[in-house]
Each structure stands twice: as structure tokens, then as C-alpha cells.
Amino acid sequence: MWGLVRLLLAWLGGWGCMGRLAAPVRAWAGSRGRPGPALLRTRRSWVWNQFFVIEEYAGPEPVLIGKLHSDVDRGEGRTKYLLTGEGAGTVFVIDEATGNIHVTKSLDREEKAQYVLLAQAVDRASNRPLEPPSEFIIKVQDINDNPPVFPLGPYHATVPEMSNVGTSVIQVTAHDADDPSYGNSAKLVYTVLDGLPFFSVDPQTGVVRTAIPNMDRETQEEFLVVIQAKDMGGHMGGLSGSTTVTVTLSDVNDNPPKFPQSLYQFSVVETAGPGTLVGRLQAQDPDLGDNALMAYSILDGEGSEAFSISTDAQGRDGLLTVRKPLDFETRRSYSFRVEATNTLIDPAYLRRGPFKDVASVRVTVQDAPEPPAFTQAAYHLAVMENKSPGTLVGQVSAADLDSPASPIRYSILPHSDPEHCFSIEPEDGTIQTAVPLDRETRVWHNLTVLATELDSSAQASRVQVAIQTLDENDNAPQLAEPYDTFVCDSAAPGQLIQVIRALDRDEVGNSSRVSLQGPLGPDANFTIQDNRDGSASLLLPSRPAPPRQAPYLVPIELRDWGQPALSSTATVTVSVCRCRPDGSVASCRPEAQLSPTGLSTGALLAIVTCVGTLLALVVLFVALRRQKQEALMVLEEEDVRENIITYDDEGGGEEDTEAFDITALQNPDGAAPPAPGPPVRRDVLPRARAPRQPRPPGPADVAQLLALRLREADEDPSVPPYDSVQVYGYEGRGSSCGSLSSLGSGSEAGGTPGPAEPVDDWGPLFRTLAELYGAKEPPAP
């Protein structure tokens, strides 16, 4: 290891903070300068590789803090000292020749507490290390240059009012950036600068506590406390910092409610209905929130019957309302007491109670115009049914409370009596029947009667009148339902066939009091046994009923016990059937043997279907014949050609040469010889229409007329080719009876018309044709 660092002893003696290191350094340096045993180096107890420098030192020139020296340095100037590491060359510089270390600027321990550097001695000429490098530390020694600070300030705290002395409020904490391990620079002491005598602070911990008892929120709700932290243990010369603590007193229920006045007076009109607000009572409680919630109650029974009091939605005010209808004529004022009580009471503050207060209330009832008042809230009347119109039912009565002598007019609201069953006397309120009533149709009639003051039609009141229709015995008993039952042909005598029940619509003739009686005597086929509860049992007698095809009709007499007693007769149908072993019906005789002349339902349906089909075919046939006759009718008397082309052609025409020979349809007798001259073109429309030949005089000959029209069509270049017309002009030849058509009858070999029979002589079947073509013209006058 290269030679030990030698500190400048003179510098060590003058550097106050390093004076304690001077003696050891000298001893160590002397041991390296003279020979001696190596064990002497182990006796040192100090750390040689640490230097100290005081922070914030500001001298006129760089300050010498130490010196490096190697044993190989003989003072010949061949040794060069090098310094590397943190701050080397900037904060710390070294004299390469002497090894003196200087600090060039003021240091702050709070920014950097120590610097680690590396020292080495090398040959100046060759830079060859003369000693191995050695690491040492320069520590910045702290001074009291930082005041305490409160990083979390300012503070806000809450403490309940009326708290005891010493109640903890909050803890404040200050921080000092100085070194707490060196001196008292970071030793803090807390004191209260502002906030006495209400609060105190622990000097060491910074806990703020209450200093006086019974702090009242209603007197002062918020306090501003200033806390100071001072270093150097609080001694003179130390630095200090302060913060504020805003202390708010939270509310507790320590104040009872209090009415600001002892008497409250209100007024209300007598027409105010239940629930109407009369007034508002406000008891004062300086507490807040739930601690100020109150409940109100009426102490006296006199007021609680007519009025009620409740708390508003905020829970602070009392709302006095009407509980039942008021009447100025009966009572004009009410006096009672109202109590206000806190709903939430803290037992810790009962000594400050009682937490309630009482006030007096007087309510005056004011008179108001009132409608007539009925003597009853509702009326229940009764009348017998079937009474003649004008029968008295009852009477309603109303009076004007403001003026009892004022006349009242009565009427029945139409919607309550739509059938107009009742009438009422307008002057006295007497109700009478307008039509006979039937209890079995309607038992109750609910009327609404209106009472109106004659001098003020706006003052009117209503009342419900229920009229019950009383019953009288006016309906004979009858069976509850039609009975159609059966009995097995193998049934034993005395077997129950059916339970028959009676029904009496009258109330006085109750169904349970109806007696039933059947046929009597030894020849009766069935027995009726009265059960005396409005029913009877139909039994098979000891002598079995003789077999028969038709069902038995059992007569039953029903009689009630009303006044007067009424009776009726009913019939029960009983069929004798063949049954299976399990008792179910296999077949009944009336259905097994049908009448020989009867037809079943299926046969009737088949017959109806056939008749309907035949009718449909006949209608279809007639329609087709009528359509064909209409197609064959001649449409115009003058234009025979147009009448001919109206026939339907089902053939293929001239171009359809495969289906039939078109020449077979041509009439050789009706064809005219070709006209002399060049043939007329039929593919172009001629410029002039060929003149039409006049009709020959004399009696009309159908054959001659058709031949004439046919020739005109052949010679007319404006009509279609002849074959289109000729198709319809011939009906064929070879028939033994000849042709019925007149198309070829007027043409001979020479083309002159022959004798023809008048169309009128053809008979009634050709009457229409005679009217069209062959009618004889009436003689000229």
C-alpha cells in the first residue's frame, strides 16, 4: 500500500471541527517516518480515510481541508497526486505537486451528505502508479440551517362540543431537514401561539387537546389554533415553523326545544274538511341535524278530537290540521296545549333537560254559508213488492243550519233512478213508488236525493237512500232444473232413481219449505218421497214398471208454505234402459226400435245432397244454352256480312291445311264468275270504294239477298279475302232433309233468283228471322 496520507498538521490544529483528529494523525504520521515494529499500526483507533467539512462555509478563497503524501515522495518533484470520484475537479481540487485538497464552493448537507473519492500517487514522467489507489470519504458536517416545516398543514379537525378537558383533537407533525444524529438541530418542541386558553399541544408529540370544558357550539362553532415547532430543543437561536389548525365543534343534543311564544291563535272556517291546514307551530332548537328533530302532540283531549298535529318533512315545525268536520253553530272555539319534544335524546346530557316545551293554542271557528244538512247520514227504507204506484216508501228531511226557517227543495238525481221507479215530493221529501216493484227482478234501489236551498241554488247537499223491496209469495215453486233420467230394466224395487230439487224464487216461500208429492195409489209406476228439505227422491216401487217403448212421464206437485200457499205441477221424464253389468247404459228402448216410416239423419243428408247437385246441373245447362243462343242472334238487319262473321270459327283458317280441306267449305253454287278485266289487288287499300248495288224491289228473298251481299263482298277490294267470309257461308250438303240455311237458296246456274217461299209462312219458330229479313212491307197508301 502506498504511503499514508499525511494531513497538514497546522491545518488540523486551526480547523476547529477537526482538532480531535490532530493527535492521532500526528502519531500515525510519525510511525510511518521512523522504523519500528509493524505492530504499532494496529494500535490506532481512528478511521484515516474520512475527512469532514462544515456545510454552508463561504470563505474568500478555496479552503484547505487536507493533504495527501506518499512515502515514495522524496520531495524531488517526481511524484504527482491524482484525485477522482464524486466532485473531483469541481467541488474538490488537489495540488498535484503537494497533495493539498481544497473545497471550491459552499456545500449543503441536505443536498448531499458525503462524497466518495479515490486518491493515487503516480510518477510524473511516466504516469506509472507509485502506490495502489486508496478510497476515502469526505463528509459534510451539519449546521442548523433548516427550519421545521409542517408538510400536511394547514389542518382541519372536529371535536364534539361540551367535550371534557384533555380530549384529543388532532396530532400535528413537523419535519426538520437537519441531521437528527448531530446536535440539536433537528430536535423539535411544539407550542401554541394562538388558541389559548381553549386548546393545548403536547410539546414532544404535537397532539392538540382541549384545554377548557363545556365549549358550546352555539356560542362559538369554529376556532383557529396556531401551532409552532422550534428546533434546538426550543432554546434561543433555534429555527421555527408554524401551521394552523381549524377546529370545528360538532353538535350534540344539549339544548331542549323552546316555543318563542306561549300562546298561538288560529282561525278556520267551519267548511274546512279533514286534513285542512289550520296553522304552523315553530319550536326553536339551536342544535343541528338529528339533534334538532322534534315531535309535536296535543295534550288536551278537547283539541285532539277536532284537530291533529304532525311534524313537517324537515322535522322542525308542527302542522296543525282539521281532524273532523267543524260546526260553527255547535262550537265556535277550541283551546288546548301542544307539546314539542326532541326525538333523539343523548343520556349524557340529560342534566341539561327536560328536552321538551309546551305552548297553548286557541282555534276560532268561523261561520260560512253551508248547504242543507240531512237529519241522517244515510237512509234505509223498505216497501212491499207489487204495490200500486203512489205507495208511500218513506221521507227524508234536511234543514238549513244557517237559517232553519229557509225552505228546502228535494229531488232525485236521474242517474240514480234510471228506470223512474220512485218519485219524491219537492216540498217535504216524501218518497213514493212510481211503478209496481218486483223483488225477484231487483231487491235494492240506491237513490241519491238532492236537497237545495230555494234562495241559493248553489247550496245543495246529497244523501244516499237505500230502498229494499220486500218479498211476498207471488211465485209458485218449480223444479230447479229439467230432469230427464233413466232406470235399468233390471233395477231392484225401491232403488233410488233421481234426487229432485225444488226452487222457490220468493223469499217468504223458502225452497227448503217446499213440499213435493208424486202420483199416489197402487197403480203408480214410480214413488216420490219428500225429503222435507226442498228435495224429493224418485224411487222404483215394489211393483216394477211394465216395459214400454216410450219414456215414462212422472207428474210431481210442488207446494210452498207461503201466504197464500202456491203450487205448481212439473214432469220428470224416466226412460227404461238396458244396462251393462257395471250399471252403465247399453241402450234405451225408445232409441233401439225406430218407426218403419222414419228416415235416419244420414239418409236425409244424402237426399238433400243429390237434390242440390241436380239443381246445380240444371242451372248450368240453362246458362250454357242461353249463352249459345245469344251468340247466334243477328245483330243488324242491313249488314248481312257483319252478321255472318259474328259466328265463332273454331277451325284453323286458310293456312291450316293439315286439319281439313278448305275447299270442302266453299259453296260452288254461290260463287260468282270472275269480273272481266284485270284482277283486283287485295293486298292494298283501293282509292275508291266499289258502289253498293241497290236492293231489288219486291218481296225479300233471303237467298237472293245473301247472294247479292256475297257478291258485293267479293268485288269490294276493301274487305278481307273471300275465304275468310266463305268459311261461314256454307253448312255442307248431302243431307236428306236439305240445308236449313238460305245462303245458297237464291242462286241458280244462271245466277238469276228462283221462286222462294215467304219467310212468314215458315212458322212461329222463324218469326224473328221473318222480322229481320223477310217481313212483308206494308202496302203503300
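The values are calculated or read from the model by the stated rules, or taken from the named source; none is laboratory data. All of these numbers come straight from a predicted model, not from anything done at the bench. Glycine also receives a Cβ, built like all others from the backbone with ideal geometry; neighbour counts cover every protein chain displayed. What goes into the accessible areas is simple: the full protein's heavy atoms, side chains included, and nothing from ligands, DNA or RNA. Shrake-Rupley method; radii C 1.70, N 1.55, O 1.52, S 1.80 Å.
Just a few scattered comments:
- Counted residues, the stretch 171-214 - those being without any contact (Cβ under 8 Å) to a residue 12 or more places away in the chain and not small (Gly, Ala, Ser): 1
- GLN220 meets the conditions (1) of a type outside the set (D, E, K, R); (2) under 55 Å from the mean Cα position of the chain (by Cα); (3) open to solvent by less than 60 Å² (accessible area, probe 1.4 Å) in every case but one. The failed one is (3).
- ASP327 being open to solvent by less than 20 Å² (accessible area, probe 1.4 Å) and either in contact with a Leu (Cβ under 8 Å, 6 or more places away or on another chain) or part of a loop (DSSP other than H, G, I, E, B) (or both): no
- For the stretch 424-453, the candidate set comprises residues that are open to solvent by 50 Å² or more (accessible area, probe 1.4 Å) and without any contact (Cβ under 8 Å) to a residue 24 or more places away in the chain; within that set, the residue that is nearest to HIS380 (Cα to Cα) is GLU425.
- Conditions (1) open to solvent by 30 Å² or more (accessible area, probe 1.4 Å); (2) touching a strand residue (DSSP E or B) at 6+ places or on another chain (Cβ under 7 Å); (3) within 21 Å of THR219 (Cα to Cα); (4) among the small types (Gly, Ala, Ser): number failed by GLY289: (2)
- Counting only strands (runs of 3 or more DSSP E) that sit wholly inside the stretch 92-205, not one has at least 2 residues that are among the hydroxyl-bearing types (Ser, Thr, Tyr), within 60 Å of the chain's Cα centre (by Cα) and farther than 27 Å from ALA229 by Cα.
- Reported count of residues in the stretch 588-636, each being open to solvent by less than 100 Å² (accessible area, probe 1.4 Å), of a type outside the set (Lys, Arg) and either modelled with pLDDT under 80 or part of a loop (DSSP other than H, G, I, E, B) (or both), is 12.
- Of everything listed in (1) open to solvent by 40 Å² or more (accessible area, probe 1.4 Å); (2) touching a residue at least 60 places away in the same chain (Cβ under 8 Å); (3) closer than 25 Å to PRO256 by Cβ, the single unmet condition for ARG351 is (2).
- Selection status of PRO404, surrounded by 14 or more Cβ atoms within 10 Å (Cβ to Cβ) and part of a loop (DSSP other than H, G, I, E, B): no
- Given (1) free of Cβ contacts under 8 Å to residues at least 24 places away in the same chain; (2) assigned to a loop (DSSP other than H, G, I, E, B); (3) in contact with a strand residue (DSSP E or B) (Cβ under 9 Å, 6 or more places away or on another chain), number of the condition SER308 does not satisfy: (2)
- Residues satisfying the stated conditions in the stretch 135-171, i.e. open to solvent by 50 Å² or more (accessible area, probe 1.4 Å) and closer than 30 Å to THR219 by Cβ: LEU152, PRO154, HIS156, THR158, PRO160, ASN164, VAL165, SER168, GLN171
- SER388 vs. criteria outside any strand (DSSP E or B) and either within 20 Å of GLN459 (Cβ to Cβ) or not aliphatic (A, V, I, L, M) (or both): yes
- Test set (1) open to solvent by 40 Å² or more (accessible area, probe 1.4 Å); (2) farther than 23 Å from LEU470 by Cβ; (3) free of Cβ contacts under 8 Å to residues at least 24 places away in the same chain - ARG409 fails condition number: (3)
- Residues considered: THR98, THR104. Of these, the only one that is of a type in the set (Ser, Thr, Tyr), out of contact with any Asp or Glu (no Cβ under 6 Å at 6 or more places or on another chain), within 23 Å of PRO60 (Cα to Cα) and in contact (Cβ under 8 Å) with a residue 40 or more places away in the chain is THR104.
- Just so you know, in the stretch 498-513 the residues that are modelled with pLDDT of 85 or more and either in contact with a Gly (Cβ under 6 Å, 6 or more places away or on another chain) or over 19 Å from TRP561 (Cβ atoms) (or both) include one that is surrounded by the fewest Cβ atoms within 10 Å (Cβ to Cβ), and it is VAL499.
- Candidate set: the stretch 248-301, residues that are polar (S, T, N, Q) and at pLDDT below 90; chosen: the one farthest from the chain's Cα centre (by Cα): ASN255
- Number of the exception - ALA368 against (1) modelled with pLDDT of 90 or more; (2) within 14 Å of VAL268 (Cβ to Cβ): (1)
- Of the criteria (1) touching a Lys or Arg at 6+ places or on another chain (Cβ under 6 Å); (2) assigned to a loop (DSSP other than H, G, I, E, B), which one ILE345 fails: (1)
- Any pair with Cβ under 6 angstrom, 6 or more apart, that starts in the stretch 218-232 at a residue that is touching a residue at least 24 places away in the same chain (Cβ under 8 Å) and closer than 30 Å to GLN284 by Cα and ends at one that is among the hydrophobic types (A, V, I, L, M, F, W, C) and outside any helix (DSSP H, G or I): GLU221/LEU249; PHE223/PHE198; PHE223/VAL247
- The residues of the stretch 260-280 that are over 18 Å from ARG332 (Cβ atoms) and either of a type in the set (S, T, N, Q) or part of a loop (DSSP other than H, G, I, E, B) (or both), listed by number, are PRO260, GLN261, SER262, GLY273, PRO274, GLY275.
- Taking each residue of the stretch 385-400 that is touching a residue at least 24 places away in the same chain (Cβ under 8 Å) and looking for partners that are open to solvent by less than 40 Å² (accessible area, probe 1.4 Å) and of a type in the set (D, E, K, R) with beta-carbon atoms closer than 6 Å, six or more apart or interchain, yields GLU385/ARG439; ASP400/GLU453.
- Subset of the stretch 108-157 (residues that are of a type in the set (A, V, I, L, M) and within 30 Å of TYR57 (Cβ to Cβ)): ALA113, VAL116, LEU117, LEU118, ALA119, ALA121, ILE137, ILE138, VAL140, ILE143, VAL149
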